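Data first, discussion second: the structure below is written as C-alpha cells.
The values are calculated or read from the model by the stated rules, or taken from the named source; none is laboratory data. In this text the structure is predicted, and so the values were computed from the model without any measurement. In this analysis, Cβ positions are derived from the backbone assuming ideal geometry, glycine residues included, and neighbour counts consider all displayed protein chains. Just so you know, the surface numbers come from the protein's heavy atoms only, side chains and all, with ligands and any DNA or RNA stripped out. Shrake-Rupley method; radii C 1.70, N 1.55, O 1.52, S 1.80 Å.
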Amino acid sequence: MKKYVINVERKKHRRQHPWIYSNEILTISGTPNPGDVVIVYEHGKLIGSGIYNPNSLITIRLYSPVEEDLNVDFFKRKFQEALKLRKTVLPNEEDFRLIYGESDGVPGLVIDKYQNHFALQTYSLGVDKRKMIIVEALKELFEVKSVVEKNDFRLRDAEGLPRQESVLYGNPEPVIISENKVKYKVDIFSGQKTGFYFDQRITRAKVQRLSKGLEVLDVFCYSGGFALNAALGGAKSVLGIDASKLALELAEENARLNNVEKVCKFICADAFDKLRELYRKRLKFDLIILDPPPFFKSLKEKSRGLRGYKDINLQAMKLLKSGGILVSCTCSHYLFWQDLLDVLNAAAQDLGRNFRIIDRSTQGPDHPVLLHLPESEYLRCFFLEMTND
Ligand code: SAH
C-alpha cells in the first residue's frame, strides 16, 4: 500500500481537533486519491492517521494517533470499545446508537443497533468507501441479521457523496426494540433518519417520571417517543401531533404494543397550525413536549430559524395551564443553550407569564460529546414550569 504523508500547521486552539481544513495543509507527498488514508505530521511530529478528501472543506479527518490502516481490525476494535461504553452507561439496553462518529473515534460513521439489525450512515468519503469492511467487522462481533445504509441526508453533499439508501447485507425486517422498558416497532427502511431517535432517551425517561395524572401534549411526536412514556408514566390523556402520516401509523401501533392505546390519541397536522387551533378551542394541558426538527442547519439561516423556535414555543406556552410544564427541545447544532434560553425568555415575555427552569437534559450517553469537538453536542432541552404569578 502506498504511503502518503501530509504536513500541516494548525493554530494552537485547534491542535486537539479531529478535523484538518484545507488551509492548514502545508505539503502533500504523492497524490493520494479522495478517500485514501494519509499520515499526518506537524512540525516534524507524527499527529496520526487520517482520511483524505480534497473535495471537502474538511480535507483530513483524523481517526488514529498512530500510523494504522482503516481495515476490519480497526473497525472491530472501535465497535468493541463503543459497545463496552454502552454496556457501562446503558446496562439494561440492547438497542442504541453503537457508533456516534468522531465521538467514538470513527469520523463520518453512525451506526444504530436494533437487536441484530443495523442501520448505518456514512458522511465521510473514506468511510463510505469502506462500507463493506464495516459490515464484515459487525458480522465478526454480532449475529447480524441485516445492515442497511440510510444515506439520504444533506451532510453527504459536502463530501461529494450521492444520497442513497440500500441493503448492504441480509434481510431487513421491522423489529421491536425497547428503551426505558418502552417498546417500539422500528421500520429501518421506511422510518425517518435511521428509523428511531435514540438521542432523546434521557428526556423521555424524565417525562415518564413527571406524567402521572396529567393531560399531556406531545408535539412533533414521530413514532410516539414522548407520548408513550407519558402514558406509561400514568398520564390521564396524551395527544400527539406530527405532520407525517407514516410516523403516526407507527405511533398508533406502538401505543397498542404498550397497551396504552386508550390513553393516547394522535393527530396528523402541521404543528404551527394545530397549536393555534387548539388555543382557539381553549384547550389547555399540564405538560407539553416540543421536539421539533432542526429549524435551521447553518449559521446563515440562524435568525430565521430562531423566529420559528420563538413562535412554536409561544404557541405551546399559550396552551399551558397555570403551573404546567413545557419541555422545550432543539436539535439544531448552532442553537446553543443561551440561544434557547433567550428564545424561551422572549416567548414568555410576549405571553406575560413567568417560568422557572426545573430541569434540563441533552443527548443520551450513546451520543457522547467530545470536549474538543463542540460540534458533537446538538440536543438541548429545558423543562420550564409556569409559575402561578
Ligand atoms: N419526538 C420524537 C422525534 C421528533 S423528530 C421522538 O421522540 O421520537 C421531528 C418530527 O417532527 C418528525 O416526526 C417530523 O415528521 C415532524 N415534523 C416536521 N415538521 C413538522 C410540522 N411542521 N408539523 C408537525 N410535525 C412536523
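With the checklist (1) part of a strand (DSSP E or B); (2) within 16 Å of the ligand (Cβ to nearest atom) in hand, flag the one item residue 324 doesn't pass.
(2)
Just one of 72, 37 is open to solvent by less than 70 Å² (accessible area, probe 1.4 Å) and closer than 15 Å to residue 108 by Cα; which is it? Write out each step before concluding.
Values: 72 fails: closer than 15 Å to residue 108 by Cα.
Only one candidate passes the filter, namely 37.
Counting just the residues of region 183-200 that are over 18 Å from residue 246 (Cβ atoms) and buried (at least 24 other Cβ atoms within 10 Å of the Cβ), which one comes out farthest from the ligand (Cβ to nearest atom)?
So the residue we want is 198.
Here is a check on your reading of the model: is residue 335 assigned to a loop (DSSP other than H, G, I, E, B), aliphatic (A, V, I, L, M) and away from the ligand (no atom under 13 Å from the Cβ)?
Details: assigned to a loop (DSSP other than H, G, I, E, B): yes; aliphatic (A, V, I, L, M): yes; away from the ligand (no atom under 13 Å from the Cβ): yes.
In short, yes.
Taking the condition away from the ligand (no atom under 15 Å from the Cβ), under 15 Å from the mean Cα position of the chain (by Cα) and open to solvent by 70 Å² or more (accessible area, probe 1.4 Å), does residue 374 pass?
Numbers: away from the ligand (no atom under 15 Å from the Cβ): yes; under 15 Å from the mean Cα position of the chain (by Cα): yes; open to solvent by 70 Å² or more (accessible area, probe 1.4 Å): yes.
For residue 374, the condition - away from the ligand (no atom under 15 Å from the Cβ), under 15 Å from the mean Cα position of the chain (by Cα) and open to solvent by 70 Å² or more (accessible area, probe 1.4 Å) - is met.
Out of curiosity, is residue 149 outside the structural domain of residue 54 (by TED's automatic domain parsing), within 14 Å of residue 195 (Cα to Cα) and of a type outside the set (A, V, I, L, M)?
Numbers: outside the structural domain of residue 54 (by TED's automatic domain parsing): yes; within 14 Å of residue 195 (Cα to Cα): yes; of a type outside the set (A, V, I, L, M): yes.
Taking the combined requirement at face value, the residue satisfies it.
Within region 40-54, track down each residue that is loosely packed, with under 13 Cβ neighbours inside 10 Å and either under 20 Å from residue 131 (Cβ atoms) or among the charged types (D, E, K, R) (or both).
Step one: filter region 40-54 for residues loosely packed, with under 13 Cβ neighbours inside 10 Å, giving 43-45.
Residue satisfying the conditions is 45 alone.
Between 305, 324, 364, which is out of contact with any Asp or Glu (no Cβ under 8 Å at 6 or more places or on another chain) and not assigned by TED's automatic domain parsing to the domain that holds residue 110?
305
Wholly within region 36-102, which strands (runs of 3 or more DSSP E) include no fewer than the required count, namely at least 1 residues that are more than 23 Å from residue 175 (Cβ to Cβ) and not acidic (Asp, Glu)? It would help to see each step written out before you state the result.
Values: elements: 37-42, 45-52, 58-64, 96-100.
Hits in region 36-102: 37-42, 45-52, 58-64.
Scan region 321-359 for residues that are within 14 Å of residue 378 (Cα to Cα) and open to solvent by 20 Å² or more (accessible area, probe 1.4 Å) and report the count.
7
Can you pull out the residues in region 177-206 that are at pLDDT 95 or above and over 22 Å from residue 99 (Cβ atoms)?
Residues satisfying the conditions are 182, 183, 185, 205, 206.
Out of the helices (runs of 4 or more DSSP H) lying entirely within region 207-315, which hold 1 or more residues that are more than 9 Å from the ligand (Cβ to nearest atom), under 28 Å from residue 178 (Cα atoms) and at pLDDT 95 or above? Give the steps one after another, and end with the answer.
Details: elements: 225-232, 245-257, 271-280.
Where helices (runs of 4 or more DSSP H) fall fully within region 207-315 and carry at least 1 residues being more than 9 Å from the ligand (Cβ to nearest atom), under 28 Å from residue 178 (Cα atoms) and at pLDDT 95 or above, they are 225-232, 245-257.
Select from region 104-122 the residues that are over 25 Å from residue 176 (Cβ atoms) and surrounded by fewer than 22 Cβ atoms within 10 Å (Cβ to Cβ) and list them in ascending order. Explain how you work it out, then say what you get.
Our first condition is that a residue be over 25 Å from residue 176 (Cβ atoms); within region 104-122, this holds for 104-109, 122.
Result: 105, single match.
Scan region 225-247 and give yes if some residue there is in contact (Cβ under 8 Å) with a residue 60 or more places away in the chain and not β-branched (Val, Ile, Thr), otherwise no. Even if it seems obvious, please write down each step before you answer.
At the first step, the residues of region 225-247 found to be in contact (Cβ under 8 Å) with a residue 60 or more places away in the chain are 225-226.
In the following step, the residues that additionally are not β-branched (Val, Ile, Thr) were identified as 225-226.
There is at least one residue in region 225-247 that is in contact (Cβ under 8 Å) with a residue 60 or more places away in the chain and not β-branched (Val, Ile, Thr).
Would region 42-57 turn up any residue that is under 27 Å from residue 366 (Cβ atoms) and without any contact (Cβ under 8 Å) to a residue 24 or more places away in the chain?
Yes, some residue in region 42-57 is under 27 Å from residue 366 (Cβ atoms) and without any contact (Cβ under 8 Å) to a residue 24 or more places away in the chain.
Could you give every pair whose Cβ atoms fall below 6 Å, whose first residue belongs to region 258-281 and is touching a residue at least 60 places away in the same chain (Cβ under 8 Å), and whose second residue is within 13 Å of the ligand (Cβ to nearest atom), counting only separations of at least 6 or pairs across chains?
258/228
Across region 175-206, what is the total count of residues that are among the aliphatic types (A, V, I, L, M) and assigned to a helix (DSSP H, G or I)?
The initial filter retains those residues of region 175-206 that are among the aliphatic types (A, V, I, L, M), namely 175-177, 182, 186, 188, 202, 205.
Subset that is assigned to a helix (DSSP H, G or I): 202, 205.
Summing the residues that are among the aliphatic types (A, V, I, L, M) and assigned to a helix (DSSP H, G or I) in region 175-206 gives 2.
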